[in-house]
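Peer 1: Starting off with a structure, shown below.
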Amino acid sequence: MAQEDVFKKLVSHCKEYGFVFPSSEIYDGLGAVYDYGQMGVELKNNIKQYWWQSMVLLHDNIVGIDSAIFMHPTIWKASGHVDAFNDPLIDNRDSKKRYRADVLIEDQIAKYEEKVAKEVAKGAKRFGEAFNEAQFRATNPRVLEHQAKRDALHERYAKAMNAGPDLDELRQIILDEEIVCPISGTKNWTEVRQFNLMFSTEMGSTSEGSMRVYLRPETAQGIFVNYLNVQKTGRMKVPFGIAQIGKAFRNEIVARQFIFRMREFEQMEMQFFVKPGTELEWFKRWKQTRLQWHKALGFGDDHYRFHDHEKLAHYANAATDIEFLMPFGFKEVEGIHSRTNFDLSQHEKYSGKSIKYFDPDTNERYTPFVIETSIGVDRMFLSVMSASYCEEQLPDGETRVVLRLPAALAPVKLAVLPLVKKDGLPEKARAIVDDLKFHFPCQYDEKDSIGKRYRRQDAIGTPYCLTVDHQSLEDNTVTLRDRDSMTQERVAITQLPGIIADRVSITSLLKRLV
Ligand code: GAP
């Protein structure tokens, strides 16, 4: 199945089974805003719990906070968001549609890359076993032609972006590449303008007027401005970290790919404060630590790659993205940045207050450097869903849709199913739920045939189904079905917590990290 179709199916599956709904749907929705349903919220909470515990439980030098979404507006001046958190936008005069100029050009670069990939695939098919990809790439005239165009465009684009960006040059690239509006099909483009991504609103209304405040575009600044409060009250010694999970808001112009790019989303960010000069060593360590966190989910190492930034923001001295293989290619899920002491120094300058750290061991006073790990909860959710979604052909010719979620993240861990709705089986099944619900989330289901009930649980990723039958009444045993292998075993009811609880707990994932 084409990856595009897989993605469409995943989106409708998310809706059909209560994972993600378009926001305000009965009013025709609100662009790039989504609600999480009864299954989605559980999965999302499990992802957050996995991240939170991996930070604050496994590291005795990392603590959490929960700062407010509204912050003093000068914070956003100091952080650079007021002046520089912009997207370059261009309008098509015929369709009246607005685009990000950088995205139009990046899509054009991707088109050249696709052309190269197609030629390589054709070559592989033609030459079979004897195919030498490196040699083919180095010699095939069509590959060389597309690659040269791609490289020239990439170089010109990177130069334009690094020059401010140079808005006239971005427009010129769009014209020279003859990029057309996907709606009108014309090249009738306006100038390129900068557009700030922060949402703003007014706070208070007094005779002196109200204050313009922003909905935070990242959670990180709440950590920076509290770092000294935490350091002093928690008696933290550098190196130490502060973790936070919370909502962030960006007025994304090109909002697309479902929950990949949203206007309201959630971030899990951790700022790690280190002694100047040690930051690159810590950056390397955090890269590995975070990759290990992702890989522990068991989707396969080939689903991940680092994308090290060649061109760094002026305040960073190293940066990388962890990219995940989504149905629409490798995409950024998490950023790891060595941000120097930029943010803390800026807050010191704009607030006029000293926020230097005093090192009791060396009697030195300095502004710590910061390594940031920043991951989007929603993007993580999308990566988990897309890696887990599976349509499977069964030996009897039927197909089933199964979400192969890591058991620790699954919304429901165990479904308890009476074989029939009579003979005391429902009562027995309910008694089992009443006992086990203290250990992990269980769901009782008695409607429809047992086969249909298994399919429903497969579709929401429930790792175990337990069937209560007549034998259960006699010997207190049940059949336990494994979601992935579909094998069934007979087990004593008293053994259930011991068999299941460990496998479905977040602890089982955390243990893979140490
Ligand atoms: N404090 C650093 C920071 O915010 P970022 O690369 O802009 O860095 C970090 O964002 C992560 O937040 C991204 O890797 C992504 O997972 C998530 N993210 C950013 N913008 C998003 C959006 N519009 N919708 C969903 N997730 C987003």
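The values are calculated or read from the model by the stated rules, or taken from the named source; none is laboratory data. What you see is a predicted model; the values in this text were computed from it and never measured. All Cβ positions, glycine included, derive from the backbone under ideal geometry; neighbour counts span all protein chains shown. Note: areas computed on protein heavy atoms with side chains; ligands, DNA, RNA excluded. Shrake-Rupley method; radii C 1.70, N 1.55, O 1.52, S 1.80 Å.
Peer 1: Round to a whole angstrom and tell me the spacing of the C-alpha centers of region 13-58 and region 286-337.
Peer 2: Here the two parts' Cα centres lie 22 Å apart.
Peer 1: In addition: Could you tell me the extents of region 210-337's C-alpha atoms along the three principal axes, largest first, rounded to whole Å?
Peer 2: Result, largest extent first: 46, 45, 30 Å.
Peer 1: Still on this model: Name the trypsin sites (Lys or Arg not before Pro) in region 45-153 that are in a loop by DSSP and that have at most 16 other C-beta atoms within 10 Å, would you?
Peer 2: Here the trypsin sites (Lys or Arg not before Pro) that fit, given the DSSP loop and packing criteria, are Arg93, Lys96, Lys97.
Peer 1: Same structure, new question: Based on DSSP loop calls and a cut-off of at most 13 other Cβ atoms within 10 Å, the longest stretch of the chain free of exposed chymotrypsin sites (Phe, Trp or Tyr not before Pro) is what? If you can, show how the numbers build up before the last one.
Peer 2: Details: sites that count: Phe131, Phe438.
After excluding every exposed loop site, the longest remaining stretch is 132-437.
Peer 1: Set the Förster distance to 45 Å, then compute FRET efficiency between Phe70 and Asp176 from the Cβ-Cβ distance, nearest 0.05. Walk me through the numbers before you get to the answer.
Peer 2: Working: r = 44 Å, r/R0 = 0.98.
For Phe70 and Asp176, the calculated efficiency is 0.55.
Peer 1: In Å, what Rg and Dmax follow from the Cα atoms of region 125-165?
Peer 2: Looking at region 125-165, its Cα Rg and Dmax stand at 15.3, 48 Å.
Peer 1: Taking the Cα of Ser351, stepping 7 Å toward and past its beta carbon, and measuring to each backbone N in region 217-245: which are under 12 Å?
Peer 2: The answer is 221-232, whose backbone nitrogens lie closer than 12 Å to the label point.
Peer 1: How large is the convex hull of the Cα atoms of region 342-474 per residue, expressed in Å³ as a whole number? Don't jump to the answer; show the numbers that get you there.
Peer 2: Working: hull volume 29.8 nm³, N = 133.
Enclosed volume per residue, from the Cα hull, is 224 Å³.
Peer 1: Taking Cα atoms, how many degrees apart are the long axis of helix 167-176 and the longest axis of the chain, rounded to 10 and kept between 0 and 90?
Peer 2: 70 degrees
Peer 1: Using θ = phi - 60° and the Karplus relation 6.51 cos²θ - 1.76 cosθ + 1.60, list the HN-Hα couplings for region 393-409 in order, rounded to whole Hz, with x at every Gly or Pro.
Peer 2: Karplus values, whole Hz, x for Gly and Pro: 8, 8, x, 7, x, 6, 10, 10, 9, 10, 9, 7, 5, x, 3, 5, 9.
Peer 1: Hey, what angle do you get for helix 342-351 against the long axis of the chain, alpha-carbon based, 0 to 90 degrees rounded to 10?
Peer 2: 70 degrees
Peer 1: Next question, about the same structure. Considering only protein heavy atoms, what is the solvent-accessible area of Thr190 at a probe of 1.4 Å, reported in Å² to the nearest 10?
Peer 2: 30 Å²
Peer 1: Could you sort out which of Lys9/Lys44; Lys149/Lys331; Lys9/Lys447; Lys232/Lys511 sit more than 29 Å apart by Cα distance in this structure? Show your work: numbers first, answer last.
Peer 2: On the way: Lys9/Lys44 20 Å; Lys149/Lys331 23 Å; Lys9/Lys447 25 Å; Lys232/Lys511 31 Å.
Over 29 Å Cα-Cα: Lys232/Lys511.
Peer 1: Is the shape of region 381-430 best called rounded, prolate or oblate, per the rule: a/c under 1.5 gives rounded, else a/b larger than b/c gives prolate, else oblate, with a ≥ b ≥ c the square roots of the Cα gyration tensor eigenvalues? Don't jump to the answer; show the numbers that get you there.
Peer 2: On the way: a/c = 4.75, a/b = 1.58, b/c = 3.01.
Judged from the Cα gyration tensor, region 381-430 comes out oblate (a/c at least 1.5, b/c at or above a/b).
Peer 1: Let me know the shape class of region 1-46, please: from the alpha-carbon gyration tensor, a ≥ b ≥ c as square roots of the eigenvalues, rounded when a/c is under 1.5, otherwise prolate if a/b is greater than b/c, or oblate.
Peer 2: Numbers: a/c = 2.23, a/b = 1.19, b/c = 1.88.
Cα axes put region 1-46 in the oblate bin.
Peer 1: In addition: What ranking of Lys413, Lys421 comes out by heavy-atom accessible area, probe 1.4 Å, highest first? It would help to have the intermediate numbers written out before the result.
Peer 2: Numbers: Lys413 10, Lys421 135 Å².
Final ranking, largest accessible area leading: Lys421, Lys413.
Peer 1: Are there any GluC sites (Glu not before Pro) in region 165-214 that are in a DSSP loop and have at most 14 other Cβ atoms within 10 Å? List them by number.
Peer 2: Sites meeting the loop and neighbour criteria: Glu178, Glu208.
Peer 1: Also, I was wondering about something else. Once the piece of chain linking Asp168 and Ser449 is laid out straight, how much longer is it, given 0.36 nm per residue of separation minus the C-alpha distance between them? All intermediate terms of the calculation are to be shown ahead of the outcome.
Peer 2: Values: separation 281, 0.36 × 281 = 101.16 nm, distance 6.49 nm.
Difference between extended and current length: 94.7 nm.
Peer 1: Tell me, what ³J(HN,Hα) does each residue in region 422-432 have, in order and in whole Hz, if you take phi through Karplus 6.51 cos²θ - 1.76 cosθ + 1.60 with θ = phi - 60° and put x for Gly and Pro?
Peer 2: Rounded to whole hertz, the list is 8, 6, x, 5, x, 5, 5, 5, 5, 5, 5.
Peer 1: Let me know the shape class of region 423-495, please: from the alpha-carbon gyration tensor, a ≥ b ≥ c as square roots of the eigenvalues, rounded when a/c is under 1.5, otherwise prolate if a/b is greater than b/c, or oblate.
Peer 2: Note, shape of region 423-495 comes out rounded.
Peer 1: Which GluC sites (Glu not before Pro) from region 294-372 combine a DSSP loop assignment with at most 10 other Cβ atoms within 10 Å? Write out the running numbers ahead of the final one.
Peer 2: Numbers: sites: Glu310, Glu323, Glu332, Glu334, Glu348, Glu364, Glu372; in loops: Glu310.
Those that pass, being in a loop and sparsely packed, are Glu310.
Peer 1: Whose amide H sits under 5 Å from the amide H of Ala318, counting only residues 5 or more places off or on another chain, with H placed in the peptide plane?
Peer 2: Ser338
Peer 1: What is the helix-to-structure angle for 377-388, meaning the angle in degrees between its Cα long axis and the longest Cα principal axis of the chain, kept from 0 to 90 and rounded to the nearest 10?
Peer 2: 50 degrees
Peer 1: Tell me the mean residue ellipticity at 222 nm calculated for the chain from its helices only (DSSP H runs of n ≥ 4, each -39500 (n - 2.57), averaged over every residue, nearest 500). Show your work: numbers first, answer last.
Peer 2: Details: 18 runs with 198 residues, N = 514.
Calculated at 222 nm, the ellipticity per residue is -11500 deg cm²/dmol.
Peer 1: To continue, here is another question. If you bin the C-alpha pair distances of the chain every 10 Å from 0, what whole percents do you get?
Peer 2: The calculated distribution, bin by bin, is 3, 15, 23, 24, 19, 11, 5, 1, 0.
Peer 1: Calculate the tail of P(r) for region 403-443: the fraction of all Cα-Cα distances greater than 16 Å, expressed in %.
Peer 2: Details: 338 of 820 pairs.
Within region 403-443, distances greater than 16 Å cover 41 percent of Cα pairs.
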